[in-house]
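Take a look at the structure set out below.
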Amino acid sequence: MTKKIIITAALALVAIMAGLSLAGRGITLKGSDTLLLLGQRWAEIYMQKNPGAVIQVTGGGSGVGIAALINGSTDVCQASRSMKDSEKQKLRDRYFSLGYEIPVAKDGVTLYLNEKNPITELTINQIKDIYTGNTTNWSQLGGPDAKIIVYGRENSSGTYVFFREAAMKNADYTSSMQSLPGTAAVVNAVSKDVYGIGYGGAAYAKGVKELAIKTAKGSFKPTTETVKSGQYPLARNLYWYLRGKPSGEIKKLVDWVLSPEGQEIVKKVGYFTIK
């Protein structure tokens, strides 16, 4: 009984502190580089429609956002991967809560190629072999005799973690991979490198070729149909994480993000609606 009273008091204190914090600086969103564009667009339109509302959006990667959620320096963590059990444990140790997960959009992690690269499709195993360093020349895949230049994300990125789990079956990345600080940097590098390959969110695929992934059921690029049906092998949810169930101004924002109007913005930015 005493423990229950202590936990209830702690949660109430967290809520009061969160309310005082919001009164001073508005709502803060931090984390996923994949979600940065979408979070910024949501914030811009929400503030236009709600005079007086203040929303600050910053990136840094899903890992950075989750750390900020745990240390209390952000209200909302934007994440392109699920929280790990160890991260939830840290939240529980500090706030007596495992956090509150809200899927806000869907994505298909996209493989980017230079537009001059003749390769159009690869299997997941072929992609894995590129990123583990087992395949190093495009000629091994039916392309030109040229070294494959591998681009990826830093290990604080949720996409780095998701791609390693879903495409590489938790194998180690090749030491020759050039780790870049954001998806825009990956796209920029591949757009200038005829023999480059990179990966990232579907919304960033501008000025590069989207690689189709070949499966036993066909060859698929990330589209509304293939991502929602799961035909595209690298489909995933994008999340907001909170320290507890949303309330007050944060709940109003969450409700709007999940509304038809908020989800329409998901499509305009280049991702896929959650329903």
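The table below lists the values:
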| item | result |
| --- | --- |
| Region 105-193: GluC sites (Glu not before Pro) in DSSP coil with no more than 11 other Cβ atoms inside 10 Å | E115 |
| Those lysines that a straight Cα-Cα span of less than 18 Å connects to K228, excepting residues fewer than 8 apart in one chain | K106, K214, K217, K267, K268, K275 |
| Per-residue ³J(HN,Hα) for region 66-75, Karplus 6.51 cos²θ - 1.76 cosθ + 1.60, θ = phi - 60°, Hz, x for Gly and Pro | 5, 4, 5, 5, 5, 8, x, 8, 9, 7 |
| Distant-in-sequence amide H partners of T215 (H built 1.01 Å from N, under 5 Å) | F220 |
| Equivalent ellipsoid semi-axes - Cα gyration tensor, the chain, angstrom | 37, 20, 16 |
| Shape category assigned to region 97-215 from the gyration tensor of Cα positions, a/c cut at 1.5 | prolate |
| Principal-axis tilt of helix 85-95 within the chain, Cα atoms, nearest 10 degrees | 20 |
| Residue with peak Gaussian network fluctuation, the chain [Cα springs, cutoff 10 Å], from T135, T58, T34 | T135 |
| The chain - percent relative contact order, Cα under 8 Å, separation 6 or more | 26 |
| Amide H contacts under 5 Å for T58, placed H, 5+ residues apart | L29, K30, G31 |
| Max mean-square fluctuation residue, GNM over the chain, Cα-Cα springs under 10 Å, options G230, G196, G99 | G230 |
| Relative contact order computed over region 206-275 (Cα-Cα under 8 Å; 6+ residues apart), in percent | 19 |
| ³J(HN,Hα), Karplus 6.51/-1.76/1.60, whole Hz, each residue of region 144-156, x for Gly, Pro | x, 7, 8, 5, 7, 9, 9, 10, x, 9, 6, 6, 7 |
| Karplus-derived HN-Hα couplings along region 115-132 (A = 6.51, B = -1.76, C = 1.60, θ = phi - 60°), whole Hz, x at Gly and Pro | 4, 8, 6, x, 5, 10, 8, 9, 7, 4, 5, 5, 5, 4, 5, 5, 7, 9 |
| Farthest positive-ward along region 74-185 dipole, Cα basis, beta-carbon charges - from T159, T123, S139 | T159 |
| K251, K217, K245, ranked by accessible area, largest first (probe 1.4 Å) | K217, K245, K251 |
| Long-range amide H partners of L111 with built H, under 5 Å | L211 |
| Dipole moment magnitude, nearest 20 debye, the chain about Cα centre, only Lys, Arg, Asp, Glu C-beta charged | 600 |
| Accessible surface ranking that places the most exposed of K275, K221 first, with a 1.4 angstrom probe | K275, K221 |
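The values are calculated or read from the model by the stated rules, or taken from the named source; none is laboratory data. Bear in mind the structure is a predicted one, so any value in this text is a computation, not a measurement. Every residue, glycine as well, gets a Cβ built from its backbone with ideal geometry; the counts of neighbours run over all protein chains shown. When the accessible area is computed, the model is the full protein with side chains, heavy atoms only, and any ligands, DNA or RNA have been set aside. Shrake-Rupley method; radii C 1.70, N 1.55, O 1.52, S 1.80 Å.
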